[in-house]
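Engineer: Here it is, the structure in full.
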Amino acid sequence: MIKINNLSKKFDEECNIRIKDTAFKDGTSYVLLGPSGCGKSTMLNMITGVITPTTGNVFIDGTEITKLTQQEKDAYRLKNIGYIFQDFKLIDDMTVEDNLNLLKLGDVDCLPIDEVLESVGIKGKRKNKVNRLSGG
């Protein structure tokens with residue numbers, strides 16, 4: 001279960017995003033709807049510990065994410081949360097293979113690279129630099 005309480009993020013004087021107290025139950029699917037700029041991505045980034053909220057708390061299965069250090073948040077996300085970044089967080093000048101190998105540095109248990117690449121239809125792009133691939 002994910003619980004958020006009194007969550008807000010202030011970016012500047014004109015942009016202050018507030019999220020109402022919410023609980024997301026295990027085993028239930030949710031859809032976030034709203035116009036561009038209303039805070040959907042910001043909320044997800046706060047829940048997953050990518051960004052720190054200005055106020056409020058995030059609890060995931062009893063762990064208060066907002067109290068963890070950034071390094072602890074990153075480790076928690078790697079081990080417990082499946083999260084796909086909008087900008088993919090890939091290093092453009094490295095190959096697809098090298099980017100995937102970076103996960104091993106974080107002691108992430110991964111499928112074999114060929115299997116991962118085949119599942120998304122880019123097995124032949126293993127040695128290509130990321131900046132040479134389509135964003136889609």
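The values are calculated or read from the model by the stated rules, or taken from the named source; none is laboratory data. Worth saying up front: this structure is predicted, and the values here are computed from it rather than measured. We place every Cβ from the backbone using ideal geometry, glycine too, and count neighbours over all the protein chains shown. Areas reflect the complete protein model, heavy atoms only, side chains present, ligands, DNA and RNA absent. Shrake-Rupley method; radii C 1.70, N 1.55, O 1.52, S 1.80 Å.
Engineer: Among 40/123; 3/89; 104/125; 79/129, which pairs are too far apart, with a Cα-Cα distance over 30 Å? Write down the numbers at each step before the final one.
Structural biologist: Working: 40/123 32 Å; 3/89 26 Å; 104/125 20 Å; 79/129 27 Å.
Going by Cα-Cα distance, 40/123 fall outside the 30 Å limit.
Engineer: How big is the dipole moment of the chain about its Cα centre under a simple scheme where the beta carbon of each Lys and Arg is +1, that of each Asp and Glu is -1, and everything else is neutral? Debye, nearest 20, please. Write down the numbers at each step before the final one.
Structural biologist: Working: 19 positive and 19 negative charges, 47 e Å.
In total the dipole reaches around 220 debye.
Engineer: Let me ask something else. Are there trypsin sites (Lys or Arg not before Pro) in the stretch 1-30 that DSSP marks as loop and that have at most 11 other Cβ atoms within 10 Å, and which are they?
Structural biologist: Loop-located and lightly packed - 20, 25.
Engineer: Next question, about the same structure. Using DSSP to call loops (not H, G, I, E or B), can you name the trypsin sites (Lys or Arg not before Pro) in the stretch 52-103 whose Cβ has at most 13 other Cβ atoms within 10 angstrom?
Structural biologist: On the way: sites: 67, 73, 77, 79, 89; in loops: 89.
Answer by residue number: 89.
Engineer: Taking chymotrypsin sites (Phe, Trp or Tyr not before Pro) as candidate sites, keep only those in a DSSP loop with at most 12 other Cβ atoms within 10 Å, then name the longest stretch of the chain containing none of them. Numbers along the way, then the final one.
Structural biologist: Details: sites that count: 30, 85, 88.
Looking at the chain, 31-84 is the longest stretch - no exposed chymotrypsin sites (Phe, Trp or Tyr not before Pro) with at most 12 other Cβ atoms within 10 Å.
Engineer: Further question: If I take every Cα pair under 8 Å that is 6 or more residues apart in the stretch 33-110, average their sequence separation and divide by the length, what percent do I get for the relative contact order? Don't jump to the answer; show the numbers that get you there.
Structural biologist: Values: 43 pairs, mean separation 15.3, N = 78.
In percent, rounded to a whole number, it is 20.
Engineer: Just want the answer: with Cβ charges of +1 for Lys and Arg and -1 for Asp and Glu, which residue in 65, 46, 131 is farthest toward the dipole's positive end in the chain?
Structural biologist: So the residue we want is 46.
Engineer: Could I ask something else about it? If you put +1 on each Lys and Arg Cβ and -1 on each Asp and Glu Cβ, how big is the dipole of the stretch 67-126 around its Cα centre, in Debye rounded to 20? Could you put the intermediate results ahead of the total?
Structural biologist: Numbers: 9 positive and 12 negative charges, 53 e Å.
Around 260 debye, computed over the stretch 67-126.
Engineer: Determine which aspartates and glutamates satisfy two conditions relative to residue 25: a Cα distance under 19 Å, and not lying fewer than 8 residues away in the same chain.
Structural biologist: 61, 64
Engineer: Leaving out ligands and nucleic acids, note down the accessible area per residue over the chain with a 1.4 angstrom probe, in whole Å².
Structural biologist: Numbers: 9590 Å² over 136 residues.
Accessible area per residue, the chain: 71 Å².
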